Amino acid sequence: MKDASPRTLLHNLPVESYVVAFTVVLWLILAVTAPNFLTGDNISNMMRQVSISGIIAIGVLCTIIIAGIDLSVGSVAAFCGVLVAQLLSHGLDVPLAIVLTLAAGILIGALNALSVGKLGIPAFIVTLAGLQVYRGLALLISGGMTVGGLPPGIKEFARGSLFHIPNLFLTLLAVAIIVHYFLSFTRTGRYLYALGSNSEATRRLGIPVFRITLIAYVLCSGLATLAGILLVSRLSVASPSMGNAYELQAIAAVVVGGASLFGGRGTVLGTVAGAILFTTMSNGAVLLDVDPFWEMVLEGLLIALVVYLDNLQKKRLSGV
Amino acid sequence: MGNVLEVKGIRKSFGPVEALRGVDLTLQSGEVLALVGDNGAGKSTLIKHIAGVYRPDSGEIRLDGRKLDLLSPAAARDLGIETVFQDLALADDLSVGANIFLGREPTRRWLGILPYIDNGLIREETAGLLKRLNSHVPGKAKSVARLSGGQRQAVAIARAIYWKAKVVIMDEPTAALAVMERQNVIKYARELAASGAGVIYIGHNLVEILDVADRIAVMFRGAIVHTTTAGETSQETLIKYMTGYHDKQAGAQRPEQEREKRHV
Ligand SMILES: Nc1ncnc2c1ncn2[C@@H]1O[C@H](COP(=O)(O)OP(=O)(O)O)[C@@H](O)[C@H]1O
Ligand SMILES: [Mg+2]
């Protein structure tokens, strides 16, 4: 306001601007150093790649805003991916198979919310259990094998595009716009932030806290399910081992995008930017022939740095 | 103005602990009633009954003469009972305006369909309220996290004023504040009463209590043992009742009445 020193100016910049700036710099570097980076093929490949991780991350964002977490999203994507493939290979219509699978995903989210909100089990524990359970179920219903023989309709979706923009990326955009509208413009969306900020105050104001929790976890599992279906479309088959470690990528994207693991903060824009950053990093690593192990180390360090900064900020705020 | 709130014979036990042993209390519109008492006297328990957090084991609470059958803090709030809790009920990551309107956001519709929160209206109303409280709260701050304790009080009180609360409960509002800011909170409490609310003010600092209150009720071990107007009492008298010293001195069955007679 009155005080416009460079320091406060930096503080007042939205957190997302850092990750956006960082990503743009990375793009510029890659554009110069990796000859294949700016080709149409590579860009549409990256768009497809970021779509699935971005959709999952947007779901995880909702749980992190309410000061929860969902570690089960990778396994849920795999389980629901295998589920939709099994339904399809048993001759169900594509729309019916998708609706049934989404219903399963919503049920998973509701179970998570019940365990967290009604039984009072920490979200970390509930969804860590889920990470194991749904991976196990994916292996069970697939017999540990890849499920193939899918109708062409489901495969074509991921290959298709509209005005050169892949369908998958358009799906991400639609999800991002809808969830952004929900979080930033609706009352329920605002209550997610309130709950994550101060759950006791939120309860005292008469806001239905369990309903908010339910919405967050159902959105998260629902979006993980959608991502699982899209993954099957992209791979043309369903494998029980797909989506491995996606929960970590998603959390990383959310946190790098400016959300706080303490709850109350985080945006769709930042999350999508975070997902794009990680996709760019792994894409760049491939193009530049960087050892993928080094890529993992770098990503891990980046996450550690961001969480450290988040902690620091929280301390500074509560110290005032 | 008449009694906006009447508490009659409220009793409450937590297991073996008798936290309230039959409390009677009246509150008028436009007055600040201070509630004092030692730690554990039952002040917080009493106001939590009024705020709909607890239900009494027996006894009743009347608002505007009508019996309250409160099921929740939300129900109490809907009826016009606002609480500025000891541990402030603000959502740190939300803006000043979002906090004032939390749970009651005004909405509009895009093209008559898609609802959205009317942030323009919230900003406008917030600016007006903060000006009225003369509180120096930066109304445009993105979150209330960096506001001082006094500024946070101002936000909570602005909320009560805006929603035209009939009864406002302030539980140790100055406990964590700097001296200058305490003075502001006293001003806000008076401003609230001037706006027509009945204010119940819980505090420890008797100088402050004598300054802010119209009337003072003293609690001791789960009962109100003394009620007086601020002008007619002193710190010494209040302390006697707060510590139960008067009880021993009088040794009577109903010490408060005897004491009253001697004082008048
Ligand atoms: N939820 C509770 N469970 C058990 N005991 C309680 C509870 N709340 C208050 N008490 C007891 O009731 C008595 C009154 O407490 P409280 O109303 O907090 O007093 P005050 O606010 O005047 O310090 C104390 O003995 C306290 O330990
Ligand atoms: Mg207390």
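Rounded to the nearest Hz, the phi-derived 3J(HN,Hα) couplings of the range B:125-139 under the Karplus curve 6.51 cos²θ - 1.76 cosθ + 1.60 (θ = phi - 60°) are 5, 4, 4, x, 4, 5, 5, 4, 7, 6, 9, 6, 7, x, x, where x marks glycine and proline. In this Cβ point-charge picture (+1 for Lys and Arg, -1 for Asp and Glu), the protein assembly as shown has a dipole of about 980 debye about its Cα centre. For B:Ala197, the residues whose modelled amide H falls within less than 5 Å of its own, excluding neighbours fewer than 5 places apart on the same chain, are B:Gly30.
Where the only charges are on Cβ atoms (+1 Lys, Arg; -1 Asp, Glu), what is the dipole of the range A:47-311 about its Cα centre, to the nearest 20 debye?
On the way: 12 positive and 10 negative charges, 159 e Å.
Dipole of the range A:47-311, to the nearest 20 debye: 760 debye.
From the residues B:Gly42, B:Gly97, B:Ala154, which one has its Cα farthest along the dipole of chain B in the positive direction, the dipole being from +1 and -1 charges on Cβ of Lys/Arg and Asp/Glu about the Cα centre? Comparing the listed Cα positions along the dipole, B:Gly97 ranks first. For B:Leu5, the amide hydrogen comes within under 5 Å of the amide hydrogens of B:Leu27, B:Asp64, counting only partners 5 or more places away or on other chains and with H modelled in the peptide plane. Charged neighbours of A:Ala57, selected by a Cβ distance under 11 Å, balance to -2 (K, R count +1; D, E count -1).
Throw me the Rg/Rh for the range B:3-235, computed over C-alpha atoms with Kirkwood Rh, two decimals.
Working: Rg = 18.2 Å, Rh = 18.3 Å.
Over the Cα atoms of the range B:3-235, Rg/Rh equals 0.99.
Could you tell me the relative contact order of chain A? Use alpha-carbon pairs under 8 Å, at least six residues apart, and round to a whole percent. Present the calculation step by step, with values, prior to reporting the outcome.
Values: 511 pairs, mean separation 107.1, N = 320.
RCO, chain A: 33 percent.
Near the amide H of A:Ser260, within less than 5 Å, lie the amide hydrogens of A:Arg265, A:Gly266, all on another chain or at least 5 residues away, with H placed in the peptide plane. Pairs exceeding a 29 Å alpha-carbon distance, out of A:Lys118/B:Lys164; A:Lys118/A:Lys155; B:Lys48/B:Lys164; B:Lys67/B:Lys131; B:Lys140/B:Lys164: A:Lys118/B:Lys164; A:Lys118/A:Lys155; B:Lys67/B:Lys131. Positive end of the dipole of the range A:47-311 (Cβ unit charges, origin at the Cα centre): among A:Leu302, A:Ile178, A:Phe157, the Cα lying farthest that way belongs to A:Ile178.
The distance separating the Cα centre of the range A:215-274 from that of the range B:205-228 comes to 56 Å.
When both the range A:34-51 and the range B:137-171 are represented by their alpha-carbon centers, they are found 50 Å apart. The residue among B:Pro106, B:Gly59, B:Val84 whose Cα reaches farthest toward the positive pole of the charge dipole of the range B:1-121, with charges on the beta-carbon of Lys, Arg, Asp and Glu, is B:Gly59. 3J(HN,Hα) couplings calculated from phi for the range B:170-186 with the Karplus curve 6.51 cos²θ - 1.76 cosθ + 1.60 (θ = phi - 60°) are, in sequence order, 10, 9, 6, x, 9, 3, 10, 9, 6, 4, 4, 6, 4, 4, 5, 5, 4 Hz; Gly and Pro show x. Computed over chain A with a Gaussian network model linking Cα atoms closer than 10 Å, the most mobile of A:Thr101, A:Thr267, A:Thr146 is A:Thr146.
Rounded to the nearest whole Hz, the Karplus-based 3J(HN,Hα) values (6.51 cos²θ - 1.76 cosθ + 1.60, θ = phi - 60°) of the range A:214-226 follow the sequence 4, 4, 4, 6, 5, 4, 5, 5, x, 6, 5, 5, 4, with x at glycine and proline. Summing Cβ point charges (Lys, Arg +1; Asp, Glu -1) relative to the Cα centre of chain B gives a dipole of roughly 360 debye. Percent of C-alpha pairs per 20 Å bin in chain A, short distances first: 32, 58, 10, 0.
Take the Kirkwood radius over Cα pairs of the protein assembly as shown, plug it into Stokes-Einstein at 4 °C and 1.567 mPa s, and you get 48 µm²/s for translational diffusion. The relative contact order of chain B, computed from alpha carbon pairs under 8 Å that lie at least 6 residues apart in sequence, is 25 percent. Note on chain B: with a GNM built from Cα contacts shorter than 10 Å, the maximum mean-square fluctuation among B:Thr243, B:Thr83, B:Thr174 falls on B:Thr243. GNM on chain B, alpha-carbon springs under 10 angstrom: the most fluctuating residue among B:Gly22, B:Gly42, B:Gly112 is B:Gly112.
Determine the calculated [θ] at 222 nm for chain A from helices alone, applying -39500 (n - 2.57) to every DSSP H run no shorter than 4 residues and normalising by the residue count; nearest 500 deg cm²/dmol. Don't jump to the answer; show the numbers that get you there.
Numbers: 14 runs with 238 residues, N = 320.
Using -39500 (n - 2.57) per qualifying helix, the result is -25000 deg cm²/dmol.
In chain B, the calculated helix contribution to ellipticity at 222 nm averages -10500 deg cm²/dmol per residue, counting -39,500 (n - 2.57) for every DSSP H run with n ≥ 4. When the alpha carbon gyration tensor of the range A:141-223 is reduced to an equivalent ellipsoid, its three semi-axes come out at 37, 19, 7 angstrom, largest first.
All of the numbers you see were taken from the coordinates with simple rules; none came from a lab. In this text the structure is predicted, and so the values were computed from the model without any measurement. All Cβ positions, even for glycine, are placed from backbone atoms using ideal geometry, and neighbour counts span all protein chains on display.
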